[in-house]
Amino acid sequence: MKLNHTMIQANALTLEQELDWFEELLKYRSTQFKNKITHQDKLSDFVSLAQIQEFSPPDLSAHTSAYAELAQRLKDAGKTYFKEEEQEYLHFAERVILILTLVPHIRPELLDIFFFPNQQNREFTEFGGIKGKTHQGFLPTGETAMFILAGSNLALRLTFQSIFDTGHFFAKANILALLSPTNNDPMLSGTLEISREYLQNLTTGKAYQPDYSPDFPAKRITTRLNWADLVLDYYTSRDVEEVRAWLRHRHLIKTDADFNRELTGYRCLFYGPSGTGKTLTSTLLGKEMDMEVYRIDLSKIVSKYIGETEKNLSNVFDQAAHRDWLLFFDEGDALFGKRTENKSSNDRHANQEVAFLLQKIEEHPGVIILATNVRSNMDKAFLRRFQSEVYFPVPDEQSRLLLWERAFSGRFELDENIALEEIARKYEITGAAIKNIKHYCSIMALDRQTQVITEEDFREGLRKQLEKEGKKL
């Protein structure tokens, strides 16, 4: 992916101003702390209105950077999350925590101010912080944030802890988190960590695309094709149009009070034989609606280890909940098939696994499309969770002829003896099968350095495909 140098410049300009403000704040706090040591006094808090006005964060309203946009989103979210009298000083605290979490990645030397020992020749407990395995600088923890913001004020300390709640905008939008400490250490000794997505967005401006892994068992799928390349019958096209209507209005449905009270996300079932267009339709929906499509192949990730499937898929749901993604579950009956009687511990675990994922799917606020070859294999309780269903049949003769004609309308010419009308009438195959035959014939033509697909190659490609399907030419 190419770097967006305009966005990088905009981000750098904004971050320079935010860092300058934060550096002045740290210097002031350091001076206060040294005075505390000298005079054996309490460290005062840093959120009185007078101090906020003196050290208020930069006004970024005229900036076009990702950081400025996030700062405004934080402020808007605070209007619904905090009481009116709390909004000003809590937004101040959020800005401090946001830049503090980002500093180790963009200007780590600013935190060297915390590297001075106390009278016992050890680090001050008040500062918090840890050292990384390879990073030589200071990595801030929740204690670091509380030192800067609350000083010795216990009431403020307890108030600011709410910023690390799961219901706060930082967590709900997957911006940053206070990592859970180990060995039963106090909560605020956990490290502050910014998500990879926002680290990229706030610095280089690159969009975040998670890699396929056991922890994130989903792959992003795209297509260079368009709706004109997809051949569907009348009834399937009509039902797909209903899905398109849902997706066109998804933002209104998600935010409007009348809709939002009754609807949570959108779930659709695509069913029909392999190769009939379920995956392509899902990808085209994402392309049209400017949504990233992530494919989860359930047949490949169902784990024999108790709890592993739930854990792996939970991570996908958690990340998708904060983004405008379309989740496409392939081979749905691998996990959501009919539940069995609880005759053994394995049966009970399998049914608990399905019940857990049914709940996650039902609660998911985004868009889910689940594909299966056979609808009758699906659990009835699961089917009730879908707002719509779309059947993808094997194309009829007229549709097959259209698929054949489109497949061979490019750079290669068909031998005049190849009668597509007869082929379409005689062989009941899918669009995916036709695509495979086209690829075979095209490669053979390229190998002979010709633009003509011979009848011999066409029939051989057709034979190979039919043989894979257990049929004869």
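The values are calculated or read from the model by the stated rules, or taken from the named source; none is laboratory data. Keep in mind it's a predicted model, so treat the numbers as computed, not measured. Don't worry about glycine lacking a Cβ; one is built from the backbone with ideal geometry, like all the others, and counts go over all protein chains shown.
Some notes on this structure:
- Restricting attention to segment 416-434, the residues being out of contact with any strand residue (DSSP E or B) (no Cβ under 8 Å at 6 or more places or on another chain), more than 14 Å from Arg463 (Cα to Cα) and part of a helix (DSSP H, G or I) number 6.
- Counting only helices (runs of 4 or more DSSP H) wholly contained in segment 198-292, the ones carrying 2 or more residues that are of a type in the set (Lys, Arg) and not assigned by TED's automatic domain parsing to the domain that holds His105 occupy 234-248, 250-255, 278-288.
- Of the candidates Ile443, Ile437, Ile423, the single residue that is buried (at least 20 other Cβ atoms within 10 Å of the Cβ) and of a type in the set (Val, Ile, Thr) is Ile437.
- Set side by side, the residues Gly132, Gly137 differ, and just one is in contact with a Pro (Cβ under 7 Å, 6 or more places away or on another chain) and outside any helix (DSSP H, G or I), which is Gly137.
- No other residue among Ile253, Ile194 is within 17 Å of the chain's Cα centre (by Cα), touching a residue at least 12 places away in the same chain (Cβ under 8 Å) and buried (at least 16 other Cβ atoms within 10 Å of the Cβ) apart from Ile194.
- One residue alone among Glu84, Glu109, Glu123, Glu88 is assigned by TED's automatic domain parsing to the domain that holds Leu25 and modelled with pLDDT of 90 or more, and that residue is Glu109.
- The single residue among Arg459, Arg463, Arg406, Arg385 that is touching a Lys or Arg at 6+ places or on another chain (Cβ under 9 Å) and either among the acidic types (Asp, Glu) or in a helix (DSSP H, G or I) (or both) turns out to be Arg463.
- Segment 149-165 - residue that is in a loop (DSSP other than H, G, I, E, B) and modelled with pLDDT under 90 and, of those, farthest from Gly78 (Cα to Cα): Ser152
- Condition check for Thr141: β-branched (Val, Ile, Thr) and touching a residue at least 60 places away in the same chain (Cβ under 8 Å): no
- Of all residues assigned to segment 190-211, at least one qualifies as being within 30 Å of Asp165 (Cα to Cα), touching a Pro at 6+ places or on another chain (Cβ under 8 Å) and among the aliphatic types (A, V, I, L, M).
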